[in-house]
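As structure tokens, the structure follows; a few thoughts come after it.
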Amino acid sequence: MKRFLLLLFIVLCCTGAGYEGQLPDLESGMSYKIKTKTVKPPYSINNKEPVLKNIPRENKEYVDIIIKKSRTSEYIKDIQPVIDILEKFKNYIEDEKNIQMFNAVASNFIDHAYYIQRKYHSRPERNYASYRAVISLAEDARAIASFKAEGVTYTKYLPFSEDGQKYSKENIKNKDEDLLKKIYNALYVLKNLD
């Protein structure tokens, strides 16, 4: 009995039972919405060829701005903030009173210098004089910044000993002048990049 019901079910499913009759004519009922439009070309068709303007290849502005890419390298873009920081750094060296601001600008410069070192240590830019000047100056700036910070701390406790003499104003001024010369040299190299 189960087989018979299964067979009957399969026969009913497989027979072509479905919609019988004619489908309605949709075009006649919707003729008011159907409109044929003729497409006009956006230009007139002539037998003449259109006149085209020549490309201004001799015009420097067109060639430099539109066709060519920017010539400024990524390295020069990374060096520009360093130049601004070194300009500030000079001012704080000449102002001997504000050691905290000196150390803040020194730290900012050192961070930029080590960023450049990490980014370009395996590239050809590491052979540039500007790269070497920035890295060398960063090491000197770190040494003098820590020396000045120690001087502020230890001059209170060691005023008459040999170690106290190490942090004297004359010694700090000599180190500042040495660093200032190195900054001027580095700025000369950085500003004359081509």
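Side notes on the structure shown:
- Residues in the range 20-38 that are over 56 Å from the mean Cα position of the chain (by Cα) and of a type in the set (S, T, N, Q) were compared, and the one that is modelled with the lowest pLDDT is S31.
- Exactly one residue out of N103, N98, N91 is in contact with a helix residue (DSSP H, G or I) (Cβ under 9 Å, 6 or more places away or on another chain), surrounded by 17 or more Cβ atoms within 10 Å (Cβ to Cβ) and either at pLDDT below 70 or within 30 Å of K169 (Cα to Cα) (or both), and it is N103.
- Contacts under 8 angstrom Cβ, first residue in the range 94-114 being farther than 15 Å from I183 by Cβ, partner assigned to a loop (DSSP other than H, G, I, E, B), 6 or more apart: M101/D95
- Among (1) part of a helix (DSSP H, G or I); (2) modelled with pLDDT under 90 - the single one Y115 does not satisfy: (2)
- Index of the failed condition, R142 passing every other in (1) at pLDDT 90 or above; (2) more than 15 Å from K175 (Cα to Cα): (2)
- Just one of (1) farther than 15 Å from L179 by Cβ; (2) free of Cβ contacts under 8 Å to residues at least 40 places away in the same chain; (3) of a type outside the set (D, E, K, R); (4) part of a helix (DSSP H, G or I) fails for V152. It is (2).
The values are calculated or read from the model by the stated rules, or taken from the named source; none is laboratory data. On a predicted model such as this, the values are computed, not experimentally measured, just so you know. Virtual Cβ from ideal backbone geometry, glycine too; neighbours counted across all protein chains shown.
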